[in-house]
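A.B. asks: Pasting a structure here, questions to come.
The values are calculated or read from the model by the stated rules, or taken from the named source; none is laboratory data. These numbers were taken from a predicted model, which means no experiment stands behind them. Methodologically, a virtual Cβ is constructed for each residue, glycine included, from the backbone with ideal geometry; neighbour enumeration extends over all protein chains shown.
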Amino acid sequence: MRKWLFASLNAVCLILLQMLYLNSNWVAPVEEDIVELLTKIETYFFHPSKPADKIIFINTAYSAAITNYNDSENSGTISITDRQKLAAFFSYLADHNNQHQYVLCDVRFTDSSASDSILNSSLSRLTKYVLPKHIDTATKRPLISVIRDTQRLALADYVTYGSNFSKMMLYEKDHGASIPLRMFQDIPETNKKPYTFHYSWFGLVSGLHSIPNSIFPRFYYTGEDLHKHQVSLNNVLNMIGQIKGKEASDQLYNSIFKGSIIAIGNFNDDIQPTAIGYLPGTLLLLNSYLTLKHKYDVFSIWYLLFLFVCFTLISYYVFHHKLLQARFTSVNNHRIIQYCFKKDRLFFVLMLVSITGDLCFGIRSTILLLTLYFLFLEHGKNIFHFIKNFFV
Amino acid sequence: MRIILFFSIVLTATTLNAQTKAVYYVTSVIGNVTRSDKHALAIGDTVMDVNKITVYDNAVINLFNADSGSMQLHSKNTSHSESLLTELCDLFKAKSSRISLSSRGDCDGGTFDDCLKIDTSINANLLMIDSLLFPQPINSNNNTQTTSTFFLQWKCNGKIINKIVACNNGHICIKPCDLVCDSINYNNSYGDITLGAIKSSQQGKGYEKLGSFQICCTTTAFINQYYLSLQQLMKDKSAKEIFSRFYTELYVFYGRPDLCNLKNIVHYTD
């Protein structure tokens, strides 16, 4: 009984450590490769089914304008997204009673321009939208935005420890929610109350709903999808401009924009390296939101129970040297099973736990770190045994 | 797993060991560079451990190793604590960097001209600056019974678009309205066009290829955008000068523009 108690205590500690790790935006170098591989397999072989939401991708890469640029070192002109065009589009949405589902406008508004007042004026009429906020790496403070309604700004940065984008931080204690989290809170699920997440050390909590603070996004939309479905802002404005009469205009609005999520961003130049190649930042934010929406990376009581049972069993066998090897190899004489349990038994068992957790609960466990931990336990015991024999 | 772990530890240890035990010859020294025992280094000296030499402010030392070649050290890259910390950070990837997921609207090219891209997705407004005229080929058979209908075949982003083109006063004319691609994915400003003739006679129909060429297309939206940008960039210049520069730029990019057409697009009057 005492042995089981000790094993279950170890399992609880492991779960807490696991939750801490899932909450941080750090990805262990060994894990990053595994996650990349899993992402590639999932994206290219299992093709995550596209969400039912109607999503419109609007590319601003062709809508460049110019503005004056001034800082302590440089001054001159700089290219920015044409805010007059954005304002015209937002006004169009507002004129049709904001019947869109949501607007994710992933355009940086940190440089002032002559069109800012027009943009702010059109934004004052728009509802259900989010705009990006960025943090100055030197001062650790948010960069000044030209947008008046700062309540609509959410973080659109990611922190990486390698070179690729792999994890999306959902909330930062000092700077608030990120765009995917804001969208998840703002877009209510049918017949459900909207979520209001609070930060805690073990994740983000809203009632009985808990999610880790950083997630590995699934790639529902890839660059190929974007290439097929994107439309340029100029094209949209031209299309709107050519439609004459209220009835025709309403018809166009209802068929395209009504009830849809509108993702606006520069899909040509704002690209980030990911496990499946270079993708625009807007797509990463949208995929992160869709991952949350599809209940991936959500802590559930069943997941915790599953971890508890698995970790208790593994801890028990590791602590008491009754490793799975003996049982499995005696039951099944298959060479592969024998090999797996003989050579890398812990890795194999933890990989099974990880795959089951991913398939059933949608959370990618950290098998390699756990393997190292259990190896340390086993190895540590051997070291003590060795010292005891040597000195006594 | 253990084997992998073992080899990774061995590999790391070997790399670090190899780095420290290699023999380096001092090929040049500028400024004050000393060993750990404070002895100054001079040309011809040997160094066993590069981490144990101190390079003071503004000093530079060049070292040579038979296997790894030359290396240069200066005060910045010999700070022991910094290099060790950097190595550890690199090993565990513990050094983070914050990257923005939004675009301000600028691009890799840097200059504003680089950021102005041709919006090729607006095909309804695809603009060919000028009409193209080709002399109608003389009927080689001198057969007056044969009638010719001319067509163009345009490869538009993988799609092939066939269009009958008008022939007036002995000239085949390709007008801007002939080049409309309904694919929103059209991303090539250079269109491959093949001009051909359908020859109908009493014997039947036949096709003849007259030639192929490339054209450079742009959009009215791009033209407007470009003109507006030039106006902003050349604030101190007169409207005439701006339009003149605009005309020249388009000439360079797309060939001779139709002046009247261009003035209408940007609403310019002399």
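A.B. asks: Of A:292, A:305, which residue is at negative phi, outside any loop (DSSP other than H, G, I, E, B), more than 14 Å from chain B (Cβ to nearest Cβ) and out of contact with any helix residue (DSSP H, G or I) (no Cβ under 8 Å at 6 or more places or on another chain)?
C.D. replies: A:305
A.B. asks: Among A:94, A:65, which is touching an Asp or Glu at 6+ places or on another chain (Cβ under 6 Å) and either at positive phi or not hydroxyl-bearing (Ser, Thr, Tyr) (or both)?
C.D. replies: Criteria check complete, one pass: A:65.
A.B. asks: Given A:77, A:110, which one is modelled with pLDDT under 95, touching a His at 6+ places or on another chain (Cβ under 9 Å) and within 13 Å of chain B (Cβ to nearest Cβ)?
C.D. replies: Criteria check complete, one pass: A:110.
A.B. asks: Identify, by number, the condition in (1) at pLDDT 65 or above; (2) surrounded by fewer than 16 Cβ atoms within 10 Å (Cβ to Cβ); (3) within 14 Å of another protein chain (Cβ to nearest Cβ); (4) touching a helix residue (DSSP H, G or I) at 6+ places or on another chain (Cβ under 9 Å) that residue B:48 doesn't meet.
C.D. replies: Status for residue B:48: all satisfied but (3).
A.B. asks: Then there's this: What are the residues in the stretch A:98-110 that are surrounded by fewer than 23 Cβ atoms within 10 Å (Cβ to Cβ) and in contact with a Ser or Thr (Cβ under 7 Å, 6 or more places away or on another chain), if any?
C.D. replies: A:98, A:101, A:110
A.B. asks: Here are the criteria: (1) within 21 Å of the chain's Cα centre (by Cα); (2) at pLDDT below 85; (3) away from every other protein chain (no Cβ under 14 Å). Tell me which single one residue A:244 does not satisfy.
C.D. replies: So residue A:244 meets the others, but not (1).
A.B. asks: Further question on the same structure: Identify the single condition in (1) in contact with a Phe, Trp or Tyr (Cβ under 9 Å, 6 or more places away or on another chain); (2) surrounded by fewer than 18 Cβ atoms within 10 Å (Cβ to Cβ); (3) modelled with pLDDT under 85 that residue A:210 does not satisfy, given that it satisfies every other one.
C.D. replies: All conditions are met except number (2).
A.B. asks: Of (1) more than 17 Å from residue A:54 (Cβ to Cβ); (2) assigned to a helix (DSSP H, G or I), residue A:226 satisfies all except one. Which?
C.D. replies: (1)
A.B. asks: Restricting to the stretch B:144-186, what's the tally of residues that are surrounded by 13 or more Cβ atoms within 10 Å (Cβ to Cβ) and either modelled with pLDDT of 75 or more or at positive phi (or both)?
C.D. replies: 15
A.B. asks: Select from the stretch A:277-302 the residues that are modelled with pLDDT of 85 or more and of a type in the set (Ser, Thr, Tyr) and list them in ascending order.
C.D. replies: A:278, A:282, A:288, A:289, A:291, listed by residue number.
A.B. asks: Taking the condition of being on the phi < 0 side of the Ramachandran plot, under 22 Å from the mean Cα position of the chain (by Cα), more than 10 Å from chain B (Cβ to nearest Cβ) and of a type outside the set (A, V, I, L, M, F, W, C), how many residues in the stretch A:113-142 meet it?
C.D. replies: Count: 2.
A.B. asks: While we're looking at this one, here's another question. Name the one entry in A:174, A:157 that is at negative phi and either within 11 Å of chain B (Cβ to nearest Cβ) or at pLDDT 90 or above (or both).
C.D. replies: Checking each option against the conditions leaves just A:157.
A.B. asks: Can you pull out every residue in the stretch A:182-230 that is within 14 Å of chain B (Cβ to nearest Cβ) and of a type in the set (A, V, I, L, M)?
C.D. replies: Result: A:183, A:226.
A.B. asks: Going by what's in this entry, would residue A:60 be described as polar (S, T, N, Q) and within 14 Å of chain B (Cβ to nearest Cβ)?
C.D. replies: yes
A.B. asks: While we're on this one: Got a number for residues in the stretch A:80-107 being more than 10 Å from chain B (Cβ to nearest Cβ) and either closer than 24 Å to residue A:188 by Cβ or among the basic types (Lys, Arg) (or both)?
C.D. replies: Adding up the residues that qualify gives 12.
For (1) at negative phi; (2) among the hydroxyl-bearing types (Ser, Thr, Tyr); (3) within 18 Å of the chain's Cα centre (by Cα), each residue gets a yes or a no:
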| residue | (1), (2), (3) |
| --- | --- |
| A:195 | yes, yes, yes |
| A:203 | no, no, yes |
| A:218 | yes, no, yes |
| A:228 | yes, no, no |
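A.B. asks: Would you call residue A:240 out of contact with any Ser or Thr (no Cβ under 6 Å at 6 or more places or on another chain), surrounded by 15 or more Cβ atoms within 10 Å (Cβ to Cβ), touching a residue at least 12 places away in the same chain (Cβ under 8 Å) and part of a strand (DSSP E or B)?
C.D. replies: no
A.B. asks: Being in contact with a strand residue (DSSP E or B) (Cβ under 8 Å, 6 or more places away or on another chain) and under 21 Å from residue B:105 (Cα atoms) narrows it down to one residue among A:177, A:156; which is it?
C.D. replies: After ruling out the rest, the residue left standing is A:156.
A.B. asks: Filter the stretch A:270-284 for residues that are crowded, with 18+ Cβ neighbours inside 10 Å and over 21 Å from residue A:62 (Cα atoms); which is nearest to the other protein chains (Cβ to nearest Cβ)?
C.D. replies: If we take residues in the stretch A:270-284 being crowded, with 18+ Cβ neighbours inside 10 Å and over 21 Å from residue A:62 (Cα atoms), then A:274 is nearest to the other protein chains (Cβ to nearest Cβ).
A.B. asks: Can you list the strands (runs of 3 or more DSSP E) lying wholly within the stretch A:1-103 that have 1 or more residues being within 19 Å of the chain's Cα centre (by Cα) and among the aliphatic types (A, V, I, L, M)?
C.D. replies: Of the strands (runs of 3 or more DSSP E) lying wholly inside the stretch A:1-103, those with at least 1 residues that are within 19 Å of the chain's Cα centre (by Cα) and among the aliphatic types (A, V, I, L, M) span A:54-59.
A.B. asks: Out of all the residues in the stretch B:34-60, which are in contact with a Ser or Thr (Cβ under 7 Å, 6 or more places away or on another chain), part of a strand (DSSP E or B) and either touching a residue at least 40 places away in the same chain (Cβ under 8 Å) or aliphatic (A, V, I, L, M) (or both)?
C.D. replies: Selection gives B:40, B:55.
A.B. asks: Select from the stretch A:16-27 the residues that are surrounded by 18 or more Cβ atoms within 10 Å (Cβ to Cβ) and aliphatic (A, V, I, L, M) and write down the one among them that is farthest from the other protein chains (Cβ to nearest Cβ).
C.D. replies: A:19
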